[in-house]
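Everything below concerns the one structure shown next.
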Amino acid sequence: MNENNSNTNSFKEENSHFIAEKAIAAQLEEKLAPRRKFKGPMGHLVKTVAVLMGLFQLTVLTVWIIDPLVMRAVHLTFISFLGFLLIRSNKSAGEKPLILDWILALLSIAIPIYIVITFDDLIFRSGASPTILDVIFGGIAVILVIELCRRSIGWTLPIISFIFIIYSMVGDYMPGMLWHKGYSPSKLISYLFSGTSIYGLPIAISATYIYLFILFGNILQVSGGGKVFIDIAWSIAGWARGGPAKMSIISSSLFGTVSGGAATNVVVDGYLTIPLMKSVGYGARFSAAVEAVTSTGGQIVPPVMGSGAFLMAEFLGRPYIEIAVAAIIPAILYYISVYVMIDLEAIKRKLKGKPKEQLPVFMSVLLGGWHLLMPIPILIGCLAFFGMSPIRAALWAIGFGIILSWLKSISRIGLKKLLNALEDSAKGMIEIAITCAMAGIIIGMLTLTGLGLKFASLLLAMSGGKLIIGLFLCMVTTIILGMGMPTVAAYVVAAAVIAPGLEALGAPKLSAHMFVFYFACLSALTPPVALAAYAAAAIARTNTFEVALNACRLVIAGFIIPYAFVYSPGLLMQGSISTVALNTATALVGVVGLAMAIQGWALGKMSLPARLLVGGFSLLSIDPNPTTDLVGVCGVAIMIGWQFLNRMLSQKKGNLLT
C-alpha cells in the first residue's frame, strides 16, 4: 500500500513538473513570438506538417539524395508554412489564422515548386539575367523570410537586412571605402533568390546539423534522458553546501550541450533547480541567475556545443574534433568560475546541502538510466574514432537513442513519443531556421557588395590597429547582434561579418571564431532582451532585468575568458603541452581570484581595497605575458595568505579571550 502511495506521489510530482515546464515554455514562446495553440483539425494539420518535415529531413539525409538548393528550399517552406500559421502577426491577432496568414503560408509552398520546375535554367541565370518570374518569385521569397523573421524575433534583424539591401542598390552613391557599383532591384532579388543568399550556407546548416541535433535533444528528452541528467547531478552535488545550485552546473551543462539554445535549456532544467535553490536559502534573483548562467554555458560545452562545434568546423574548414577539443579548457574555466561564485555565496549565506540519504545514489541512477545516456558517447565515438561526418554521427546517435530506449518499458519511445519528438523539433526550428535565412540575406549582401572584405579595413581604422580595442568593438557588436536571436544564428552572422576583421587585426582564425561564438552565447544573458534570464525569471517569479544583471555579475569571468584565449592560444589547446598547461594554470588562478573579488569573500569577508587588489592581480594572471602571470599569481596567493593569517590570528585571539 505504501509503495503504491509512493508511486502515486512520484507520478503526481513528475506530472506537476511537466505542467510547470509546459507553462514556462508557453511564457517563453510568448516572449519570443505570440504563438497560437491549436486543437482539433488545425492541431492535427500542424502536427502532420511538422512530422512530414521530420520525415523529409531524415529521408533526404539518408536514402533520397536531392539537389542541395531544392532541399534547402523545401526545408524553409516547411518552416514558413508552420511559422505563418503558428505565429501571430501581432499580439492582438486571434487564435485562428487570418486570411493573410493562409495566403503567406500557401505562397511559401509555391516557392520550391517554382524552383523545381525551372531548376535547370534557374541555377544558371540567378543574379545575372533573371526573368520576370524569377524576380516575382524571388521577391515573394524575400518578403516571406523578412515577415516571418519579424514575427518570430522582432524588428532587429529585418532592419539590419533592409539596411544591407538598400546599401547594395545605392553603392555607387556611397563615399570612400563604402563605394561599390550598385545593383538593380531585379538583379539584387535574383541574387537573393539563390544558393548564395537565402538558400546559402546558414540555411544549409539549419537543414542539416541544427535540425538533427535538435531532434537528438528531443529524443533524449522524450525517453527520459533529461531526468537522468538531473538525477546524476543530484547524486554528485546535492550533498554539498548550496547543493541545488551546484547541481544546476552539472545538469545544465549535460543537457545544454545538445539542446537548441540557452532559453530552451532553462525551461527544461530550471523548473526543478530554481525552486530547489530557493528552498535552501538562495534568493529568487540569484537562483534564476544561476540557472540562466549555467544553461547558457551548456552551449560552450563539448561535444555538441548546441551545434556550435559543427558550425565552426564548417566555417573554418577544420575537423570537428579539433573544434571540440579546443573548447574544453574555456568551458572548464567558465564553469569553475561559476562554481566558485556559487560556493562563496553559499558560505556567505551559511547554506547547507541535502542529507545524502535524501539524494539519489549515483550507481543506482547510472544502472537505471545508462541506456538513455549511451547516445552521447555513441555520438562522440562516431565523430572521434570512426571519423564519421557530423550528419551521419547524429543519425546513428538518434537511431541508437530510439533503439536503446526500448530496453526498459518506462523509457520506451513508441510511435506517439517519436511523433511528439518530430513535432517539437519542427516547431523548435522556426526561430532558428528563419534567422539563418535572414543571415543568408546579410551574408549574400556582404559578398555581393564586397563589404565583408572591407569590414576588416573598417575595424582596423576604428581600432587604430590595436587588437584589444578591436576585440572590445567586436564583443559589443556580437552581443547586440545576438539579442533575441538563437545563438547559432547570431554566430553565423557574426562569423561572416566580424571574425574576418579580428583575423585582420592579428587574432588566430580559430580564436577569432571562438571569440564571436562565446559572445553570441552570452548575448542570451545581457539586457535588455536576455532570453535566458527571462525564462529563468519567469520560473523564479522575479524581475527579468535584475536576474540579467545578477547573471552578468556571476559570469564576469565568461566575459574575460574569450579575451584570454585570443592572446593565449594555449587555452584552445594550440601549442606545446607546457604552453597549454601554463596558460591553463594561470587562467585558473585568475578566474578563481576574480570570483572572490566579485563576491567579496575568500576565507572570510574582504574589504573593498582587498577586493580591488585581488581583482587586479587576477586580471594580470589571465594576461599571457609571463611577467604579468607571475605578478598576478603571486599577488592572488599573497592576498589569500594574508586572509588566512588574519583568520588564524582572530581565532587565536578569540581562544585567549575565552
For region 510-539: of the residues being among the β-branched types (Val, Ile, Thr) and surrounded by fewer than 24 Cβ atoms within 10 Å (Cβ to Cβ), which is modelled with the highest pLDDT?
526
Quick one: in region 399-440, which of the residues that are of a type in the set (Val, Ile, Thr) and touching a Cys at 6+ places or on another chain (Cβ under 9 Å) is nearest to residue 491 (Cα to Cα)?
435
Could you check region 121-157 and list, in sequence order, the residues that are surrounded by fewer than 20 Cβ atoms within 10 Å (Cβ to Cβ), among the polar types (S, T, N, Q) and under 31 Å from the mean Cα position of the chain (by Cα)?
156
Which numbered condition residue 387 misses (of (1) modelled with pLDDT under 90; (2) part of a helix (DSSP H, G or I); (3) under 18 Å from residue 302 (Cα atoms))
(2)
Residue list for region 273-291, filter: closer than 13 Å to residue 243 by Cβ, of a type in the set (Gly, Ala, Ser) and surrounded by fewer than 24 Cβ atoms within 10 Å (Cβ to Cβ):
279, 281
Among the residues of region 479-492, is there at least one that is of a type in the set (A, V, I, L, M), modelled with pLDDT under 90, within 20 Å of residue 334 (Cα to Cα) and assigned to a helix (DSSP H, G or I)?
yes
Filtering region 422-433 down to residues that are within 16 Å of the chain's Cα centre (by Cα) and in a helix (DSSP H, G or I) yields 425, 428, 430, 431, 432, 433
Might you check whether a residue that is farther than 30 Å from residue 529 by Cα, of a type outside the set (Gly, Ala, Ser), at pLDDT 90 or above and touching a Gly at 6+ places or on another chain (Cβ under 7 Å) occurs anywhere in region 153-169?
yes
Considering 415, 407, 467, which residue is hydrophobic (A, V, I, L, M, F, W, C) and surrounded by 15 or more Cβ atoms within 10 Å (Cβ to Cβ)?
467
Quick check, is residue 409 without any contact (Cβ under 8 Å) to a residue 12 or more places away in the chain, within 22 Å of the chain's Cα centre (by Cα) and farther than 30 Å from residue 558 by Cβ?
no
Inside region 37-87, can you point out the residues that are surrounded by 17 or more Cβ atoms within 10 Å (Cβ to Cβ), without any contact (Cβ under 8 Å) to a residue 40 or more places away in the chain and more than 16 Å from residue 419 (Cβ to Cβ)?
60, 74, 77, 81
Take region 147-184 and flag every residue that is part of a helix (DSSP H, G or I), touching a residue at least 24 places away in the same chain (Cβ under 8 Å) and farther than 19 Å from residue 491 by Cα.
147, 148, 151, 165, 167, 168, 171, 177, 178
Being at pLDDT below 90, out of contact with any helix residue (DSSP H, G or I) (no Cβ under 6 Å at 6 or more places or on another chain) and within 30 Å of residue 368 (Cβ to Cβ), is that true of even one residue in region 183-201?
no
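The values are calculated or read from the model by the stated rules, or taken from the named source; none is laboratory data. Given the structure is predicted, the values throughout are model-derived calculations rather than measurements. Glycine also receives a Cβ, built like all others from the backbone with ideal geometry; neighbour counts cover every protein chain displayed.
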